[in-house]
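The values are calculated or read from the model by the stated rules, or taken from the named source; none is laboratory data. Owing to the predicted nature of the structure, the values given are computational and were not obtained by experimental measurement. Cβ coordinates were reconstructed from backbone atoms using ideal geometry, including for glycine residues, and neighbour counts include every protein chain displayed. Protein only, heavy atoms only, side chains kept; ligands, DNA and RNA dropped before computing areas. Shrake-Rupley method; radii C 1.70, N 1.55, O 1.52, S 1.80 Å.
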Amino acid sequence: MEELIRFDHVSKHYQMGDTLVKAADDISLTVERGEFVAIVGKSGSGKSTCMNIIGCLDVPTSGEYYLGGQAVSQMNKNKLAEIRNRMLGFIFQQYNLLPKLSVLENVEVPLMYAGMDRIARRRRALEVLETVGLADKTRNLPSQLSGGQQQRVSIARALAGSPAVILADEPTGALDSRTSREVLEMLQDLHDQGNTVVLITHDNSIAVTAERIVRLEDGRVVYDGSSDDPAAVVTHDEPLVRRSRRKGGTPA
Amino acid sequence: MNIIESFQMAWRSVFSNKMRSFLTMLGIIIGIAAVMVIVGLGNGMERYMTDQFRSVGTNILTVNVYGRGSTRSIDDEWMYQLAADHPDLLDQVTPMVNIYVPAKIGTENLTRTTLGGVSESYLTKVRSFTVAQGRELQYIDIAQRLKVCVIGAYVAQVYFPNGAVGETIRIGGNKYTVVGVMAQSGEKLEEGGEDDMIYVPYTTAARLTGAALNQYAVTVVDESRASEAKKLIETELEEVFGSDGAYYVQSMSEMLDAMTGMINVLITILAAIAAISLVVGGIGIMNIMLVSVTERTREIGIRKALGAKERTIMGQFVIEAAVTSAIGGVIGILVGYGLSMIATQLIVVLMQENMSVTPSNASIAMAFGVSAFIGILFGFLPARKAARLNPIDALRYE
Ligand SMILES: Nc1ncnc2c1ncn2[C@@H]1O[C@H](COP(=O)(O)OP(=O)(O)OP(=O)(O)O)[C@@H](O)[C@H]1O
Ligand SMILES: [Mg+2]
């Protein structure tokens, strides 16, 4: 299998007055093409920090991050923008659709920045909207859609550019349990079609959707392995309980 | 994303918030309209002045002789000789005698009528009137000091509708026979206008007033050499009088130049003051754009996450500012046109003058260019702020 993401002793430290906050502390891991990985951890454990680094939105203070074999720290801002555009598809908790653009236009945005011409763009956007089942809502504004539908638009947008990695940060955080399941199934489908999916969540019941779990605590990896292993859902300060009662959880 | 799409995007953004965009543009609209009206007014004034001077003749030098403090003097012969000696510069000469008593036709005093004594060359050669009835003044009238007169079209129309030649006019108690009527020269026949005039031989007029000849009109052969001709006459007069306080030579074209020069200075100052409002308008745009960048922080974060480069974001906001400003410029030009038309009408109604306020095409093109440039200039700072936003912070922004 081909290595897609590699963290090589990645740390992200923030100096807050006298204290040094280690948002990410010496993390090393690799993700291969076609994997479905969930990064889990409590609030403040460093999930978003990792996600920002994987998403090329932020750079580590030390260590090196390789995306598709390229060292990201060597890239300038333009190159980073290009990498985000070509290799990464973001799905956010708050959907982050552009409110004044129609559903179709929202999906077109990354394609526009990729320099695709208008007709090709439109065709591709319609295609991905079809796959998420929103072919009939293309002219609507995001505000005219339900939360689940909006999240599906944002999945379509993430898919449009056929990125190497789909990064989902708490994608179900703002959805009810039924819609959450739909979204998770969609991520599962993407994985089945061969996409690499990185799912970030604080919720174990959601994390188990993935085949592999990376558990963070205080910026360190405390578990990295199959989601079938009971140890995957154990935290050091909580008893061994599969907390299925929190299924569909509330926003962090 | 190509440039056309960038403009479409900016256009949509401007139109999605019409009221705010309009208020943003207001400074530019006012500035552009003000500059246009002022420059238009300047153009109109200049043209009006030029027309006024043209109708009198910009090729005319007026020589006034006071003879102050000098025992020597000059007469009409001296002036004629001067012109004859310099045929390359000087053309026609006529003494001018102002008659201050009003002419009388029947029982009516013509108080507003121009009344004076001139030579035979004045009306058709110096002033380029044409004869409508009878004849103009002739050398014989001057030489024999005949009591004859030539009248303008207005006098003829009002007082002698059935033919003026042979009729009489009383001036200072004497009867003058009308020998000719001049064709209309002014735009319209009106009391006190160009065609409301009576001219008699200057010799006759001089006898009537009893004063020495002290004013002459001299035409120059070539208008562009008016200053040279003026200098020549001044030098000659200086030789006679030995003092430059004894005479005064006035050149119409020099006066016109001085007047238009003054108007231009005035207009430039006024336009510069109006242009300040353009700068204020630009600052208004900058202000709103800065607010807009803050409001759209999240949008900027999303766009960056989706792959927008700094220069793309920068371009988006600069183009938006430029489009806002340019639309303001176009509205300003339309408003400026409207106001110019209203001003033209007002001048006609209030001042009875035909002065049109006409903004030049050059000033319109410049106004538009300036407004677009102001947008780019003042849009630059907010755009740079937007482009440099950290995507993580921008995405977190509520
Ligand atoms: N810009 C920053 N400056 C200072 N400290 C930061 C900054 N960003 C994150 N941190 C700190 O780093 C740690 C990890 O933050 P991070 O946002 O990665 O947590 P998280 O796992 O995403 O939490 P949550 O589930 O609440 O989103 C936290 O203690 C946070 O306070
Ligand atoms: Mg987080």
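On the given criteria, is B:T297 polar (S, T, N, Q), touching a Leu at 6+ places or on another chain (Cβ under 8 Å) and within 14 Å of another protein chain (Cβ to nearest Cβ)?
It is true that B:T297 is polar (S, T, N, Q), touching a Leu at 6+ places or on another chain (Cβ under 8 Å) and within 14 Å of another protein chain (Cβ to nearest Cβ).
Can you pull out the strands (runs of 3 or more DSSP E) entirely within region A:1-79 that have at least 3 residues that are closer than 19 Å to A:G219 by Cβ, open to solvent by 50 Å² or more (accessible area, probe 1.4 Å) and away from ligand 2 (no atom under 16 Å from the Cβ)?
Fully inside region A:1-79 and qualifying: A:3-16, A:19-32.
I'm checking my understanding of the structure. Among residues of region A:181-229 that are among the small types (G, A, S) and either within 16 Å of ligand 2 (Cβ to nearest atom) or in a loop (DSSP other than H, G, I, E, B) (or both), which one is farthest from the other protein chains (Cβ to nearest Cβ)?
Once the filter is applied, the top-ranked residue is A:S227.
Yes/no per residue for (1) in the same structural domain as B:A322 (by TED's automatic domain parsing); (2) open to solvent by less than 50 Å² (accessible area, probe 1.4 Å); (3) out of contact with any strand residue (DSSP E or B) (no Cβ under 7 Å at 6 or more places or on another chain):
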position: B:L26; (1), (2), (3): yes, no, yes
position: B:G31; (1), (2), (3): yes, yes, yes
position: B:L41; (1), (2), (3): yes, no, yes
position: B:T58; (1), (2), (3): no, yes, yes
position: B:D76; (1), (2), (3): no, yes, no
position: B:G117; (1), (2), (3): no, yes, no
position: B:Y122; (1), (2), (3): no, yes, no
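If I go through region B:115-151 residue by residue, how many of them are assigned to a strand (DSSP E or B) and either within 30 Å of the chain's Cα centre (by Cα) or among the aliphatic types (A, V, I, L, M) (or both)?
8
Before we move on, is A:V221 more than 16 Å from ligand 1 (Cβ to nearest atom) and in contact (Cβ under 8 Å) with a residue 40 or more places away in the chain?
no
Taking the condition without any contact (Cβ under 8 Å) to a residue 40 or more places away in the chain, part of a helix (DSSP H, G or I) and more than 14 Å from chain A (Cβ to nearest Cβ), does B:V348 pass?
The answer is yes for B:V348.
Can you pull out the residues in region A:137-180 that are among the charged types (D, E, K, R), part of a helix (DSSP H, G or I) and buried (at least 18 other Cβ atoms within 10 Å of the Cβ)?
Selection gives A:K137, A:R152, A:R157.
Does A:G133 qualify as being at positive phi and more than 14 Å from chain B (Cβ to nearest Cβ)?
yes
Select from region B:300-322 the residues that are under 30 Å from B:V35 (Cβ atoms) and open to solvent by less than 10 Å² (accessible area, probe 1.4 Å) and write down the one among them that is nearest to the other protein chains (Cβ to nearest Cβ).
This residue is B:F317.
Would you be able to say whether some residue in region B:286-294 is in contact (Cβ under 8 Å) with a residue 12 or more places away in the chain, open to solvent by less than 40 Å² (accessible area, probe 1.4 Å) and in a strand (DSSP E or B)?
The answer is no; no qualifying residue exists.
All but one of (1) over 19 Å from A:Q188 (Cβ atoms); (2) of a type in the set (D, E); (3) open to solvent by 20 Å² or more (accessible area, probe 1.4 Å) hold for A:E108, so report the exception by its number.
Going through (1) over 19 Å from A:Q188 (Cβ atoms); (2) of a type in the set (D, E); (3) open to solvent by 20 Å² or more (accessible area, probe 1.4 Å) one by one, A:E108 breaks only (3).
Kindly evaluate A:A125 against the criterion of being surrounded by 23 or more Cβ atoms within 10 Å (Cβ to Cβ), touching a Phe, Trp or Tyr at 6+ places or on another chain (Cβ under 9 Å) and either within 14 Å of chain B (Cβ to nearest Cβ) or among the basic types (K, R) (or both).
No: the conditions fail for A:A125.
When A:L4 is evaluated against the numbered criteria (1) away from chain B (no Cβ under 14 Å); (2) within 16 Å of ligand 1 (Cβ to nearest atom), which criterion, by number, is the only one it fails?
(2)
List every residue pair whose Cβ atoms lie under 6 Å apart, where the two residues are 6 or more positions apart in sequence or sit on different chains, the first residue falls within region B:77-93 and is closer than 18 Å to B:V240 by Cα, and the second residue, located anywhere, is of a type in the set (S, T, Y).
Going by the 6 Å Cβ cut-off, the qualifying pairs are B:M79/B:Y216.
Give B:A226, B:A217 a once-over and let me know the one that is over 15 Å from B:G116 (Cα atoms) and in contact with a helix residue (DSSP H, G or I) (Cβ under 6 Å, 6 or more places away or on another chain).
Of B:A226, B:A217, the one residue that is over 15 Å from B:G116 (Cα atoms) and in contact with a helix residue (DSSP H, G or I) (Cβ under 6 Å, 6 or more places away or on another chain) is B:A226.
Spot the failing condition for B:V265; the list is (1) surrounded by 15 or more Cβ atoms within 10 Å (Cβ to Cβ); (2) part of a helix (DSSP H, G or I), and only one is missed.
It is condition (1) that B:V265 fails.
Condition check ((1) within 22 Å of A:E170 (Cα to Cα); (2) in contact with a strand residue (DSSP E or B) (Cβ under 7 Å, 6 or more places away or on another chain)) across all residues:
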| position | (1), (2) |
| --- | --- |
| A:M16 | no, no |
| A:S45 | yes, yes |
| A:C50 | yes, yes |
| A:G68 | no, yes |
| A:K77 | no, no |
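Which one of A:G44, A:G34, A:G17, A:G69 is at positive phi, more than 16 Å from ligand 1 (Cβ to nearest atom) and over 15 Å from the mean Cα position of the chain (by Cα)?
Residue meeting the stated conditions: A:G69.
Test A:R86 against the stated conditions and say whether it is in a helix (DSSP H, G or I), away from ligand 1 (no atom under 16 Å from the Cβ), at the interface with chain B (Cβ under 9 Å from one of its Cβ atoms) and charged (D, E, K, R).
yes
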